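The values are calculated or read from the model by the stated rules, or taken from the named source; none is laboratory data. This is a predicted model, so every value here is computed, not measured. In this analysis, Cβ positions are derived from the backbone assuming ideal geometry, glycine residues included, and neighbour counts consider all displayed protein chains. The area values use the complete protein model at the heavy-atom level, side chains included, leaving out ligands, DNA and RNA. Shrake-Rupley method; radii C 1.70, N 1.55, O 1.52, S 1.80 Å.
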Amino acid sequence: MFEPFTRADQRRWGGVYLRGLLLDGGRKSVEPMAARLGEDGNRQALAHFVTSSPWDAAHVRARLAWRMQPVIKPTALIIDDTGFLKDGDASACVTRQYTGTVGKVTNCQAGVSLHLASNGASAAVNWRLFLPGSWDPASPKADPAKVARRARCAIPAEVGHVEKWQLALDMIDETRSWGIEVPQVIADGGYGDTAAFRLSLEERGLDYVVGISTTTTAQPEHAQPCTPAYSGLGRRPVPAYPEPAQTVKSLVIAAGKRAARPVQWREGSRPGSGRSGHKRMYSRFVALRVRPAGREIRKATTGTGLPVRWLLASLLGIGSVAAGCRRRGRPRRG
């Protein structure tokens, strides 16, 4: 992991620090780790490696990705974010924000991560600490108390607030620059609801399966723009869809229950009749061809018609969750 480091002491204490992270024990800060490491538990040397010994984290991440790729044989990149709960306000980028870790707004840090994943395993190989607008002096949401703590937290002056979906794109680009090409990206609605994120994946030639809100709008596949007759006054009319875009929830409901197909995706943890003795997890899904709408989609589209994409939705979760995916062929069952 630390072979690229030029200094022998960095390689040594980097290895000791990594071993401390892997040992049993609740807290992974320097002092309790040093106590568990025995004769290698030099608290001062470990603290110096973490806080005062500069090294490029990208080299470590790249080596981790190269190590895990042949083991996992990834078929997808998964984007996710995690909250690190904090009691105080001393940690870098900590603020009150929503985190799925506890399902509410609370005091925490937030980190965006990229995982290599297959059916059998996954591993995080790239990550970014999210800097909220309250920590950015250039943001209208800047908090003077948090901005004043930037220097103490060693946050570089050029680092500012960047949306999580943009951090995800930066990580995808970096991971691909390491020679790791995975053709499909998977993310939840925190990323899929942003049209710019989906468009950026398409610009990179990546297929994706991302969560979207049921309020996302789209036109049905058969909808076609038409040009109203010219009255002879003013500008000539431009092609437009005759009907307003509908929510994806409305499109799924209009398709009806007959359009749904039962799909089992894995076995859960409860006892059941599955091959491994656990309960089979399945739902009824609808697969529709739709034309995603919205201002950003229209601006990015050449020609008059909106692009056609697959929409996948679970009838059990249609009140709260829908999923959109882009594929070159029809979604496979199973």
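Whenever a residue of the stretch 109-125 is within 14 Å of residue 82 (Cα to Cα), its partners that are basic (Lys, Arg), lying with C-beta atoms within less than 6 angstrom and at least six residues away or across chains, give the pairs 112/128; 112/164. Taking the stretch 1-38, which residues are out of contact with any Asp or Glu (no Cβ under 9 Å at 6 or more places or on another chain), of a type in the set (A, V, I, L, M) and either free of Cβ contacts under 8 Å to residues at least 40 places away in the same chain or in a helix (DSSP H, G or I) (or both)? Result: 8, 18, 21, 22, 23, 30, 33, 35, 37.
So which of 65, 57 ends up being hydrophobic (A, V, I, L, M, F, W, C), open to solvent by less than 70 Å² (accessible area, probe 1.4 Å) and at pLDDT below 90?
Numbers: 65 fails: at pLDDT below 90.
Only one candidate passes the filter, namely 57.
Taking the criterion of being acidic (Asp, Glu) and more than 8 Å from residue 110 (Cβ to Cβ), the residues of the stretch 76-99 that qualify are 80, 87, 89. Looking only at residues in the stretch 136-168 that are under 30 Å from residue 201 (Cα atoms) and among the hydrophobic types (A, V, I, L, M, F, W, C), the one that is least open to solvent (accessible area, probe 1.4 Å) is 168.
Of all residues in the stretch 85-102, those that are open to solvent by 50 Å² or more (accessible area, probe 1.4 Å), over 20 Å from residue 166 (Cα atoms) and of a type outside the set (S, T, N, Q) total 7. Consider the stretch 103-127 and keep the residues that are more than 19 Å from residue 189 (Cα to Cα) and of a type outside the set (A, V, I, L, M, F, W, C). The one that is least open to solvent (accessible area, probe 1.4 Å) is 126. Taking the conditions (1) closer than 30 Å to residue 190 by Cα; (2) touching an Asp or Glu at 6+ places or on another chain (Cβ under 7 Å) in turn, residue 43 satisfies each one other than (1).
Just so you know, in the stretch 227-253 the residues that are assigned to a helix (DSSP H, G or I) and open to solvent by less than 80 Å² (accessible area, probe 1.4 Å) include one that is farthest from residue 311 (Cα to Cα), and it is 250.
Residues of the stretch 202-213 that are in a loop (DSSP other than H, G, I, E, B), in contact (Cβ under 8 Å) with a residue 24 or more places away in the chain and open to solvent by 20 Å² or more (accessible area, probe 1.4 Å): 204, 213. When residue 79 is tested against (1) modelled with pLDDT under 95; (2) within 26 Å of residue 173 (Cα to Cα); (3) assigned to a strand (DSSP E or B), exactly one condition is not met: (1). Return a yes/no flag: does the stretch 209-226 have any residue that is closer than 16 Å to residue 296 by Cβ and either basic (Lys, Arg) or modelled with pLDDT under 90 (or both). No, because not a single residue in the stretch 209-226 is closer than 16 Å to residue 296 by Cβ and either basic (Lys, Arg) or modelled with pLDDT under 90 (or both).
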